[in-house]
Amino acid sequence: MDSPRQPKNLNREPKRNQNRSSNPPQKDAYARLLNQHSSSKFSLYLEQYAKDTAFQREENVSSALPKAQSDRQNIPQRQRDPVANDFSDSSDFSPSSKKNKEEESSLSLYMEKLSNRSAQQDFERKQGVSDRQRCGQRRDTATSHDGDVESGEELGSLNPNESKKHQKQPKKAKDSYKDVTSKETDSFVGRPQSPNTAGTSGQEQEKIKKAKKKKVLRQPEEEKSGEGTFQSGVDPQMSRPKSPYGKEKKLQQPRATSANSPADKGKNKGPRGSKKQVFESYMTLEEVSHGLKRGELIQGQLRINPKKYHEAFIPSPDDARDIFLDGIVARNRALNGDIVVVRILPREQWKIVRSDTEGEGASESDTQKNPTVKTTQKKTDRMPRPGGIVEDQCSDQDELVCKLQNTTLTDTGEHLEDPSTPRPNGEILQKTAKVVYIVEKKHSRAVTGFLKFLPDKPFAMFSPVDHRVPRINVLLDGCPQDFCSRPGDYTNTLFICRITNWAADSNFAEGQLAKTLGQAGEIEPETEGILIEYEVDISEFSDEVLNCLPKNLPWSIPEEEMRKRKDLRKECIFTIDPATARDLDDALSCKLLPDGNFEVGVHIADVSYFVGEDNPLDTIASQRATSVYMVQKVIPMLPRLLCEELCSLNPLTDRLTFSVIWTITPEGKILSEWFGRSVICSCVKLSYDHAQSMINAPEKMFTPEELPPVDPQHPIDEIHQAVLNLHSIAKNLRAQRFLGGALRLDQLKLSFTLDKETMMPQGCYIYQYRDSNKLVEEFMLLANIATAHHIHKRFPQLALLRRHPPPKAKMVEELQELCDQLGINVDLSSAGALNKSLNTTLGDDEYTSARKEVLTHMCSRPMQMALYFCTGVLGEQQLFKHYALNVPLYTHFTSPIRRYADLVVHRLLAASLKCGPSLGLSTEDVQKQASHCNDRKTVSKRVQELSSELFFGVFVKDCGPLDSEAMVMGVLDQSFDVLVLQYGVQKRVYCKSVAGLQSFRHHKVGKKSELTLVWTAEDPEKASVEQVISIFTLVQVQLKADAPMKYSAVLKRPQENESNIDMC
């Protein structure tokens, strides 16, 4: 009954495996496995074979010939017929594989599938599902706006057990595909098998042809970087609306094969049939609780790689390498930022990781075929499958991950690597996992995107701009009234959509349109989309909240409050802030004492006086947790009456403050310290530019015209001298701090000049961090450290502090190895040692500072985020330490107008000094608020970055193309990252998109990665020009607008006789 080619397969498999193990001959194993099966099961196999063969004939009559189907996919017929992997790769996932992997055969596994499928068929018959519906079920596909074919719904179209098997891969496919396992096993990186692996019976051939068609279409869903997935019932001819964000994405993820073309999208049309489970059902809370206690489950925050969206990670509890989740099935409907519980997959499904620190992974070949990548053992007629993927950790650490070798009959055990480099040393395993429970949905479930009309469907398709979010079905009733009649009018319209449900049997979520933002490419609609997507509260403060503010305006300090405070209104106190700042929450004073020492004061706005505990104002402030600063505006934490008036330390106005006053020597030694509530009257509002001018010209007599309005009681010379004294003390404090082991990792920050009327960017520049900035920073740090010690001493179980964990040890080791190989003398043993290394001269030319920026970026990757926490939650005080500052205790006290954590600290400080109400907070209350502040601070930082990217994109569009020098920061196998020196932005350059490039090749030795670019000669009589790209290489780039808000960096041809300027 078997195909004549089947014995050929049985003979081939052990041959492929001889190099790795001394397994028993396949024939013996086959015989033993046959004997294990009952005669009834074997009869069932024969009956099913006959039945499916009859069905195949029926289908062949009513449908196009297999060859026609193959032609539509541009896949040779001979490639479509043989069975992919002969089912034997399913041993990787079946329970029996862990017992007798080396003895399993194609037939035994198929019969095991058949047994399981029988139960499924019985169930379907009870549900009234016909054989045709069961066997002929197909899923539609659609092409996304950037050209990638999606067929994620295919995951649910396969029979539950059939979805285990790896389908074969076309020889000429340009992408390295990943297989998605069944719902029982989630996802796993599979190695493609030879197209000529085996023959099979007619019934098996037909099943494979159907599954293969789905396979070809399915793979881009994983490889396209998780743009979302496609659900059945969607018209395959409808393409995703063109988003202005698609062009750069297209460079990263080119289309793989001609099977992905729109002409081929209709081949999976067919009756829908019954829906199959795509995702596992979540565990119960009780099961999760027990699993966590027993150590069988792990909880953590999910991070989805923004550049390769099928990859996700959660931190490892032992601070080792992050745990890897492969594909949307493994994520089980969790979105980026969610707190999830995962189960570790069996060890044979873990990854072999070769660490890499010089770019976003050492290989991009999982999405683009690299001609230099070959197998290291024997030649085969299949396409080699590099297993490189990019890990996007919170520190942007990158890794090359390849599939763990399995000892199955069909696995060759070949390592896939660049033949020009030796086999890597120090390979380690990376755990893989799948989500079994979502503890907290941190993601807003709101997303910006475009709406696509689908003819004859009751819903429209919403395509998110953030491709980490799935596509969403939106009922037409919730779309604009004229959307159905005039869908073209909405092609470039941005919408906000909220996910309302995501069923376990669909790769598509369901949702509702929340708002129409406007036209894509305009700053205000794009800005509003960012704010809503990240759940930044942009609503007006309610009347209930505003009723908590003082009613009698203009407001003045009550006399009874004056009597409770230290009166500092006659002191020379002033603010130093950015020129455009309106929320002035800190001021400084410095008075020379008769003994030659100084009385230095830090005075912080007393927000806690106006914001009482547990009133509506406090509630909204705690929810917002932070002000959000964008290029053109600020979303305040508190009503503007407080932010800009009553709390802001505006000049020549009496204001309530919390003060820390020290007696301090000129060398920076603290002799005494005082905390208390006070009243001040700032004598002048200085900008950083004003203070810097005073520092730069210590002998100059400044005139009133050169400064803002000044209190006549304090001569300009007195203010000037106070600034100089503060600067002198700050320099000593700073020197002591870094001698004591502190670290500072400065990153370039882009600033803009805006048109006052249109608020459009007129220019941009890299923000300069100068001595006036350092002056303010030193005294704010000193006040924060002093406050941390004070409140921890009074409230050892209740203090809200801020800790900074040390960098991840494994990533530090890898970075150290890379730096050693590059010849860079960097000591990563401690924060202080690293800071000293970064300040060592990197070369002696005009590009020294650029090299320092690149090295700083590399050293930032292993760093973890600083976190607010309650001291009663962490048992060991050693965990309280702030790594970068190298201090045992630290908190935030100096910005209560814009940070809610500071407001809590003010209340703790007031209670400790018995100058405020007793606290009604528990340890749990403080920790809960600390965690929320952490979340909102992260969001605020990300929104600020997106706003800057948005404005720079507009600037490039309006003023570009922009030419600049750039320095290479990291090298991959088909692209490299650069720091654009003139603007401080980081961009990726893709070799395949470089005009005039004849070829390129990747070379890697140890941790050092290089690309050699071969440029076509401009003069036909001359030889081609080679350009070597490695870390610190200096190149010329041009920034060009791609879409309304996007731009790319284009590598320019090197000039003749131009040499690479690098470290070595």
>> Positive end of the dipole of region 830-926, charges at C-beta (+1 Lys, Arg; -1 Asp, Glu), about the Cα centre: which of L909, L842, A831 has its Cα farthest in that direction?
In response: L909
>> Rounded to the nearest percent, how much of the accessible area of region 515-595 (1.4 Å probe, protein heavy atoms only) is carbon and sulfur?
In response: 48 percent
> Where the accessible area of region 812-965 is counted over protein heavy atoms with a 1.4 Å probe, how much of it, in %, is carbon and sulfur?
Replying inline: 48 percent
> Given Cα pairs under 8 Å that are at least 6 residues apart, what percent is the relative contact order of region 790-909?
Replying inline: 42 percent
> All other residues with a Cβ under 10 Å from the Cβ of D746 taken together, and with Lys, Arg as +1 and Asp, Glu as -1, what is their net charge?
Replying inline: +2
> What is the dipole size for region 917-1064, taken about its Cα centre, with +1 at each Lys and Arg Cβ and -1 at each Asp and Glu Cβ, in debye to the nearest 20?
Replying inline: 500 debye
> Between I557 and E813, what FRET efficiency comes out of the Förster formula 1/(1 + (r/R0)^6) with R0 = 60 Å and r the beta carbon distance, rounded to 0.05?
Replying inline: 0.55
>> Ranking request for peptides 915-927, 931-943: highest mean number of other beta-carbon atoms within 10 Å first, then the rest in descending order.
In response: 931-943, 915-927
>> Once the convex hull of the alpha carbons of region 691-800 is built, what does its volume come to per residue, in cubic angstrom?
In response: 212 Å³
>> Please compute the alpha carbon radius of gyration of region 880-989, then divide it by the globular-protein estimate 2.2 N^0.38 Å. Two decimals is fine.
In response: 1.65
>> If you count only protein heavy atoms with a 1.4 Å probe, what accessible area per residue comes out for region 671-830, rounded to a whole Å²?
In response: 47 Å²
> How long, wide and thick is region 609-680, going by the Cα atoms along their three principal axes, in whole angstroms, largest first?
Replying inline: 42, 32, 26
> Which of the pairs K700/K756; K810/K836; K431/K928; K700/K774; K793/K941 have their Cα atoms more than 28 Å apart in this structure?
Replying inline: K700/K756; K431/K928; K793/K941
>> Show me the ranking of peptides 652-658, 799-805 by mean Cβ neighbours inside 10 Å, starting with the highest.
In response: 799-805, 652-658
> Which whole-number value in Å² is the accessible area per residue of region 919-1064, probe 1.4 Å?
Replying inline: 43 Å²
>> Once you keep just the Cα pairs under 8 angstrom separated by 6 or more residues, what percentage relative contact order results for region 1011-1050?
In response: 28 percent
> Leaving out ligands, DNA and RNA, what percent of the accessible area of region 653-783 is carbon and sulfur, probe 1.4 Å?
Replying inline: 52 percent
> Going highest first, how would you order 631-637, 714-720, 645-651, 990-996 by mean Cβ packing within 10 Å?
Replying inline: 645-651, 631-637, 714-720, 990-996
> Could you state the number of Å between the C-alpha centres of region 276-310 and region 315-345?
Replying inline: 6 Å
>> Need the C-alpha centroid separation for region 611-639 versus region 716-777, integer Å.
In response: 26 Å
> For region 779-834, with only Lys/Arg (+1) and Asp/Glu (-1) charged at the beta-carbon, what is the dipole magnitude about the Cα centre, in debye rounded to 20?
Replying inline: 640 debye
> Hey, if you put +1 on the Cβ of every Lys and Arg and -1 on every Asp and Glu Cβ in region 761-812, which of P805, A788, S772 ends up farthest toward the positive end of that dipole?
Replying inline: P805
> Once the other residues with Cβ under 12 Å from the Cβ of D614 are scored (Lys, Arg +1; Asp, Glu -1), what is the net sum?
Replying inline: -2
>> As an exercise, find the ratio Rg/Rh for region 917-1055 from alpha-carbon atoms, using the Kirkwood inverse-distance average for Rh.
In response: 1.22
> Between rounded, prolate and oblate, where does region 741-852 land on the alpha carbon gyration tensor, with a ≥ b ≥ c its root eigenvalues, rounded for a/c under 1.5, else prolate if a/b exceeds b/c?
Replying inline: oblate
> In whole Å, how far is the Cα centre of region 497-572 from that of region 1034-1051?
Replying inline: 35 Å
>> Placing one identical point scatterer on every Cα of region 426-528 and ignoring solvent, what is log10 I(q)/I(0) from the Debye formula at q = 0.17 Å⁻¹?
In response: -0.79
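The values are calculated or read from the model by the stated rules, or taken from the named source; none is laboratory data. What you are looking at is a predicted structure, and each value in this text was computed from that prediction instead of being measured. Glycine gets a Cβ as well: all are built from the backbone with ideal geometry, and neighbour counts include every protein chain shown. The protein model used for the area step is the full one, side chains on, heavy atoms only, and it has no ligands, DNA or RNA in it. Shrake-Rupley method; radii C 1.70, N 1.55, O 1.52, S 1.80 Å.
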